[in-house]
């Protein structure tokens, strides 16, 4: 089933319209690599996947137990995940423009 999803996933709309990678580009490939147990490939495709997954798990835990400081934790996890995604995207764009990627 994972192969069918991978093979039938739509292309990135941002990349189709603007011709450059978005901060989420590579997230699907990273997920499938992680599901195969290939951590190195997953991080190479998009290193923001693992912080994103941790953030989602923390969010669901917070929604379930409603810890008084859980909202702050989830907020900071979201900020870290966003920072990783933006830095990754910026580095990829820089390397693409400079011809090194």
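The values are calculated or read from the model by the stated rules, or taken from the named source; none is laboratory data. This structure is a prediction, so every number in the text was calculated from the model and none was measured. As a convention, Cβ positions derive from the backbone with ideal geometry for all residues, glycine included, and neighbour counts pool all protein chains shown.
Residues that are over 22 Å from residue 90 (Cα atoms) and either modelled with pLDDT under 90 or touching a helix residue (DSSP H, G or I) at 6+ places or on another chain (Cβ under 7 Å) (or both) number at least 2 in the following helices (runs of 4 or more DSSP H) confined to the range 3-59: 27-35. For the range 22-42, filtering for residues that are crowded, with 17+ Cβ neighbours inside 10 Å and under 21 Å from residue 78 (Cβ atoms) leaves 10. Pairs linking a residue in the range 61-85 that is in contact (Cβ under 8 Å) with a residue 60 or more places away in the chain to a residue that is surrounded by 12 or more Cβ atoms within 10 Å (Cβ to Cβ), with Cβ atoms under 8 Å and 6 or more positions apart or on different chains, are 85/23; 85/24; 85/46; 85/48; 85/52. The residues of the range 66-101 that are touching a helix residue (DSSP H, G or I) at 6+ places or on another chain (Cβ under 7 Å) and under 17 Å from residue 49 (Cα atoms), listed by number, are 74, 77, 78, 80, 81, 84.
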